[in-house]
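First the structure, in the form of structure tokens, and then the observations on it.
The values are calculated or read from the model by the stated rules, or taken from the named source; none is laboratory data. None of these values were measured; they are calculated from a predicted model. Every residue, glycine as well, gets a Cβ built from its backbone with ideal geometry; the counts of neighbours run over all protein chains shown. For accessibility, only protein heavy atoms count, side chains too; no ligands or nucleic acids. Shrake-Rupley method; radii C 1.70, N 1.55, O 1.52, S 1.80 Å.
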Amino acid sequence: RGVGLEIVLIEKGKDFIEVLVDDPAGAVLLEPLKVKLLADPTVDIATYDSAHPMYGNKHLYVRVKSGKPQNALKRALKDMSTNFSDMKKIVKKAKVTK
């Protein structure tokens, strides 16, 4: 069962994008997403905020040095998805020892 993460576009410019992450899982996923974005050499700024750290909507802001900001966001999300899939396979193969 996948996470139903809903991302809603708030504003988009030539070199930035601001989105609303409307899901409780967003509180957990935004920090690793920010780290992935900041590891991308095309990304200048990646940050998020919310009224409360665990509840409510989260706003993610990404500004790029080059390319399209939505492409940087898609790359980071795809990379995270691959990482989670890999971890899931490792956990399934792990054997419990007593």
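Here are a few things to note about the model shown:
- Residue count for the range 51-97, restricted to those that are closer than 21 Å to residue 20 by Cβ, open to solvent by 50 Å² or more (accessible area, probe 1.4 Å) and among the polar types (S, T, N, Q): 3.
- Selected residue (criterion: farthest from the chain's Cα centre (by Cα)) from residues of the range 1-31 that are of a type in the set (Lys, Arg) and either modelled with pLDDT of 90 or more or assigned to a helix (DSSP H, G or I) (or both): 14
- Single unsatisfied condition, residue 56 versus (1) touching a strand residue (DSSP E or B) at 6+ places or on another chain (Cβ under 6 Å); (2) outside any helix (DSSP H, G or I); (3) modelled with pLDDT of 80 or more: (3)
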